[in-house]
Amino acid sequence: MKTSGNTILITGGGSGIGAALAQRFHAAGNRVIVAGRRQDALDAVVAGREGMFAMTLDVESAEGVEDFARRVMQAHPELNVLINNAGIMRFEDLAARRDLADAEATITTNLLGPIRLSNALIDHLAAQADAAIVNVTSGLAYVPLVDTPTYNATKAAIHSYTVSLREALKGKVDVIELVPPAVQTGLTPGQENRSGYMPLDDFIDEVMALFGQSPTPGEILVERVKFLRDAEGERRFDATLAQLNDFARKAREG
């Protein structure tokens, strides 16, 4: 994937990793469209930046995704990079019967959203030069946080889906997986300043350096996430599972 001269669509672009990626890619010489639910948040990301654009998108609606895809291709026919970043993370208690609304919303946003949007744009992207799809997963796809089971499962599913997509589009579209560790963002309450989580600017610095490699790696892995990504292959999965969940509990407790 080239790092300048693209027209890039980033979902979940109104805050956190999505907003930071959008501004960095724009600074690197790309046109960038940020998409998300809240127009005010998107407007704040693009404010004062020529060549950045904001478009509302509700990834929970299949019809809304199709309508958005038509609008974005019409407004930006040169679109050649899709970054599927939008996601939600909800805490769930598996030890008792519960309302599944959070689990179902997580599946719709984190799994069906990227699948639907990639599908809606795939013919267009495959016809563009230097096309790429970047799917944002998580270190929790590889070692789960017990308190966020559906989130972990959706990210594991998107990892697998990305592997299949990469093979299916080989020679047509670059398919890249971006795997964040725990980063200081607003993904969960209090996470922006949570001790032990990776500062957002440090994460984006390392990510942009990895995107700058030639060829671009199929997996964008900052050093902090390799502890989770490689746990099973290095035969330390059980110990890592216990360590991760103990760390996360203590971090949330302060």
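The values are calculated or read from the model by the stated rules, or taken from the named source; none is laboratory data. Remember, it's a predicted structure, so these values are computed and weren't measured experimentally. Note that we place each Cβ from the backbone using ideal geometry, even for glycine, and neighbour counts take in every protein chain shown.
If you go through the stretch 200-223 one residue at a time, do you hit one that is in contact with a strand residue (DSSP E or B) (Cβ under 9 Å, 6 or more places away or on another chain), surrounded by 15 or more Cβ atoms within 10 Å (Cβ to Cβ) and assigned to a loop (DSSP other than H, G, I, E, B)?
yes
With the requirement that a residue be in a helix (DSSP H, G or I) and either modelled with pLDDT under 95 or in contact with a helix residue (DSSP H, G or I) (Cβ under 6 Å, 6 or more places away or on another chain) (or both), what does the stretch 120-135 give you? Quick ask: steps written out before the conclusion?
Initially, the stretch 120-135 is screened for residues in a helix (DSSP H, G or I), giving 120-126.
Of everything in the stretch 120-135, those that are in a helix (DSSP H, G or I) and either modelled with pLDDT under 95 or in contact with a helix residue (DSSP H, G or I) (Cβ under 6 Å, 6 or more places away or on another chain) (or both) turn out to be Ala120, Leu121, His124.
Looking at Glu78, Glu50, can you tell me which residue is among the charged types (D, E, K, R), surrounded by fewer than 16 Cβ atoms within 10 Å (Cβ to Cβ) and farther than 23 Å from Ile204 by Cα?
Numbers: Glu50 fails: farther than 23 Å from Ile204 by Cα.
That would be Glu78, the only listed residue that is among the charged types (D, E, K, R), surrounded by fewer than 16 Cβ atoms within 10 Å (Cβ to Cβ) and farther than 23 Å from Ile204 by Cα.
For the stretch 178-195, how many residues meet the condition of being more than 13 Å from Val225 (Cα to Cα) and either touching a residue at least 12 places away in the same chain (Cβ under 8 Å) or in a helix (DSSP H, G or I) (or both)? Steps first, please.
Going through the stretch 178-195, the residues more than 13 Å from Val225 (Cα to Cα) turn out to be 184-195.
Filter again for either touching a residue at least 12 places away in the same chain (Cβ under 8 Å) or in a helix (DSSP H, G or I) (or both), leaving 184-188, 190-195.
Of the residues in the stretch 178-195, 11 are more than 13 Å from Val225 (Cα to Cα) and either touching a residue at least 12 places away in the same chain (Cβ under 8 Å) or in a helix (DSSP H, G or I) (or both).
Can you pull out every residue in the stretch 159-177 that is among the aliphatic types (A, V, I, L, M) and without any contact (Cβ under 8 Å) to a residue 60 or more places away in the chain? Give the steps one after another, and end with the answer.
Applying the first criterion (among the aliphatic types (A, V, I, L, M)) to the stretch 159-177 yields 163, 165, 168-169, 173, 175-176.
Matches in the stretch 159-177: Val163, Leu165, Ala168, Leu169, Val173, Val175.
If you take the residues in the stretch 224-254 that are charged (D, E, K, R) and buried (at least 17 other Cβ atoms within 10 Å of the Cβ), which one is farthest from Ser160 (Cα to Cα)?
The qualifying residue farthest from Ser160 (Cα to Cα) is Arg224.
What are the pairs with Cβ atoms under 8 angstrom where one residue, in the stretch 228-254, is farther than 10 Å from Leu145 by Cα and the other, located anywhere, is part of a helix (DSSP H, G or I) and β-branched (Val, Ile, Thr)? Sequence gap at least six, or different chains.
So the pair list comes out as Leu228/Thr240; Ala231/Thr240.
What residue, of Leu117, Leu140, Leu165, is farther than 24 Å from Asn6 by Cβ, modelled with pLDDT of 95 or more and assigned to a helix (DSSP H, G or I)?
On the way: Leu117 fails: farther than 24 Å from Asn6 by Cβ; Leu165 fails: farther than 24 Å from Asn6 by Cβ.
When all the criteria are applied, what remains is Leu140.
Within the stretch 224-244, track down each residue that is under 22 Å from the mean Cα position of the chain (by Cα) and in a helix (DSSP H, G or I). Full working, then the answer.
Residues of the stretch 224-244 under 22 Å from the mean Cα position of the chain (by Cα): 224-231, 244.
Within the stretch 224-244, Arg224, Val225, Lys226, Phe227, Leu228, Arg229, Leu244 meet the criteria.
Testing Ala62 on (1) crowded, with 23+ Cβ neighbours inside 10 Å; (2) closer than 27 Å to Ala127 by Cβ, one condition comes back false. Which one is that?
It is condition (1) that Ala62 fails.
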